[in-house]
1. Against the definition (without any contact (Cβ under 8 Å) to a residue 60 or more places away in the chain and crowded, with 18+ Cβ neighbours inside 10 Å), how does residue 277 come out, yes or no?
2. For region 272-380, give me every one of the strands (runs of 3 or more DSSP E) that falls completely inside it and has 3 or more residues that are at pLDDT 95 or above and out of contact with any Lys or Arg (no Cβ under 6 Å at 6 or more places or on another chain).
3. So residue 33 passes all but one of these: (1) in contact with a Ser or Thr (Cβ under 6 Å, 6 or more places away or on another chain); (2) of a type in the set (Gly, Ala, Ser); (3) at pLDDT below 90; (4) not assigned by TED's automatic domain parsing to the domain that holds residue 256. Which condition number does it fail?
4. How about region 391-413: which of its residues are at pLDDT below 95 and over 22 Å from residue 273 (Cβ atoms)?
5. For region 229-257, which residues satisfy the criterion of being surrounded by 22 or more Cβ atoms within 10 Å (Cβ to Cβ) and polar (S, T, N, Q)?
6. If we keep just the residues of region 113-144 that are closer than 20 Å to residue 207 by Cα and of a type in the set (Asp, Glu), which is surrounded by the most Cβ atoms within 10 Å (Cβ to Cβ)?
7. Of the conditions (1) touching a Gly at 6+ places or on another chain (Cβ under 8 Å); (2) surrounded by fewer than 23 Cβ atoms within 10 Å (Cβ to Cβ), residue 346 clears all except one; give me its number.
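The values are calculated or read from the model by the stated rules, or taken from the named source; none is laboratory data. Everything numeric here is computed off the predicted structure, so don't read it as measured data. Reconstructed Cβ throughout: ideal geometry from the backbone, glycine too, with neighbour counts over all protein chains shown.
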Amino acid sequence: MGTRSVRSVAFAMTLAVNLASAQPSFADDFDDADEVSAWTQRLETGREVVNRVVVCFDHGSFLAEIGKWDAKQYWPVLLWDSDLVPKFIAAFEPAQVLVANYATAPNDELAAGLQSIAAAWGIPPESAPTDAKGFLATLTERKRTPNGAILLAPSSPELLGGIALAAGRMQLPLVFETPEPTAKAIKSDRVTEIRKRLMSELSALDIDFEMKLDDLDFITVASDLPFSYTRTKPGVHPGRYTVDDAIARHDGGRRWGWVGRLTGGDVRSVYMAMGALFLQPKKGLFWSRYNPANKVFGVYDPPAALEPFNAFFPTEAIRHPDATLDRWRAVEWPHGNQFGFIYVNSSGGATSWSMSKGKATHFDVPDTVPTVVHYTHSGSAGQPFNTDTIAGRWMAGGAYVYFGSHAEPYLTAFVPPSELAKRVTTGVPLGAAMRHLFTPKLIGQRKMKLGETEKMVRFNMSGPWKLAYFGDPSYRLLRDIPERAAPGELVGRYFTSPGAFRRFKAKGNEAVVEHAIASLGTARLDEKTVKLVDVRAWTKLVKIAPEGPLSNALLREMLRNWVTTLRRANAKKLYSPKSLATLMKVPKPVQALAARGASAPDGARLVTEFAKAFVSDLAAHPESGIAKSPAGALPLLVMACSFEHSKGAQKTLYAWIVEAARALEIAPDDVRKAVVAQDWISAATRKSVEASVKGTLAAKRPKK
């Protein structure tokens, strides 16, 4: 490994963020174009992308398929999800889609994963390394640098995503377990221990990582590492900081690397890894509610970024005063977000953000194509693991990169669009391009109450701070995408169509249910046929499905399949009025599961989003017969009300349902009465709708 010479960097700036005249400077280490070019060239693996996608329904077949990559070729491998997989396939547009045969689950997934990484790097089985040191030796022998490390833990739900990313990027798999759960906020002293331990383990590998733009600059968390911490030092700016922004730094806060995090369990972490490895945005949107005439906020006005971004993909901007809630919904509805890159300037918290006129909530986060999302915003990632938040909904819906703030960061903690454009144009990966370096120091000061006294608090927004990057931090936007290799001869057994997979027989009641859950949504991969919901088959499944997680999974897949069928009817696949009327009713198997107490993640979002889109799209088809009676959507709103939510999310959910009802010309009180009348909806939910929301839902229908 070569040692990079130490550069002298001059910097001096003091920024008082409470002064409206503040004009930050953003010069940094990326200004040396030749050095950046040499650095980004080391990120290339030299592989060809094969024009196929392989879908796996179990962990064993996934690890086996990753092991079929080699040093010359690789292709997307996904764990089945009836929402994310079709979106990925539509974005990637492969020449071949295969469904992998089931494989035996490994006894030790971490060990099997390391073997798959070795095979994917083209290392013979007899020489396969079992630790980071062995993988580094392979790279050194090939005169390559690792560029990054993937933190893995056997107990982590994101283990498979981390294995996939290490195999694809040829970055070091580093086993790095911590006892605390991811969602637990820890103390700053504990963060210091974790940071020093990480540096110690990298130092033991004898690798150059202590400077920026050297042999190892990226850390991806695919372990149980805690996400949030609090600082308790007197006089320090309060609030939650992110562990991820603190661990790739020296004592004193000087940055040596950039950190990202995979999240969402096995399915979504794999999706995030594959999105970073194989997808590129096809068009972009800058959305800004900041006043361009303001001396501080005007720095973040997007026009200067449009020309550079247009070199990557067609890009547009919607700016203040046009960035209204109505305009957002007009852009996003009713078919969901179609932009593969979105940069939002706003303000708010974890569940809402401001518009030039009006306020959006997390329910206004639309269904989406695979996308990269950036929010210049006070706390969009305040609760990133909760789907009833802005960050949570974007990632659950299909964002494979998300960047935002965990707590109040102040505006100048973010990189403006013009500076981001300059960085990505020179090839800087997004995990680095979206963050400030240590220089220049972005020092702010503000009077804050600490205990019983008020004093001036100073803080450094380019030191360990509150921003968070989800996804692969070494992901880059590319202007020139190489042609793919044609699919070659298959090795092993595959189902060559989703239909063939659906005919595959499973034994035993639970196995039948699991197989049916997996295959319910595969119809979405078949574009030739559009079928009505198979209520008879669903009824049989409900009878044999045991209570618990399997019931929840079954309800989720039924809802997705049902809403998808409605959307297909919406996409000019018109049925008779009688068929549409059948579709609009809540299927009895869904009612049965709901009465049993099953809950489906994102169920209310799926149903309510469709109900809201229904009035402007499905009802517009005169052949449907629904246009004459928009109240036919009432069952959808009843279904949306049937889901249990935390008290914090209920108010927003019901307000959103009221808005949808009024758009559909349905009296909100009719929704309330219909919910209370349904005995298949839990008593607690009916009571909540009746007591907590009566004043809202009982509002009279507005006059025309």
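1. It is false that residue 277 is without any contact (Cβ under 8 Å) to a residue 60 or more places away in the chain and crowded, with 18+ Cβ neighbours inside 10 Å.
2. Here the list reads 284-288, 315-319, 341-345, 371-376.
3. The failed condition is (4).
4. Result: 407, 408, 409, 410, 411, 412, 413.
5. Result: 242, single match.
6. Result: 131.
7. Against the list (1) touching a Gly at 6+ places or on another chain (Cβ under 8 Å); (2) surrounded by fewer than 23 Cβ atoms within 10 Å (Cβ to Cβ), residue 346 comes up short only on (1).
For (1) in a helix (DSSP H, G or I); (2) out of contact with any Asp or Glu (no Cβ under 7 Å at 6 or more places or on another chain); (3) modelled with pLDDT of 70 or more, each residue gets a yes or a no:
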site: 541; (1), (2), (3): yes, yes, yes
site: 547; (1), (2), (3): no, yes, yes
site: 559; (1), (2), (3): yes, yes, yes
site: 565; (1), (2), (3): yes, yes, no
site: 573; (1), (2), (3): no, yes, no
site: 586; (1), (2), (3): no, yes, yes
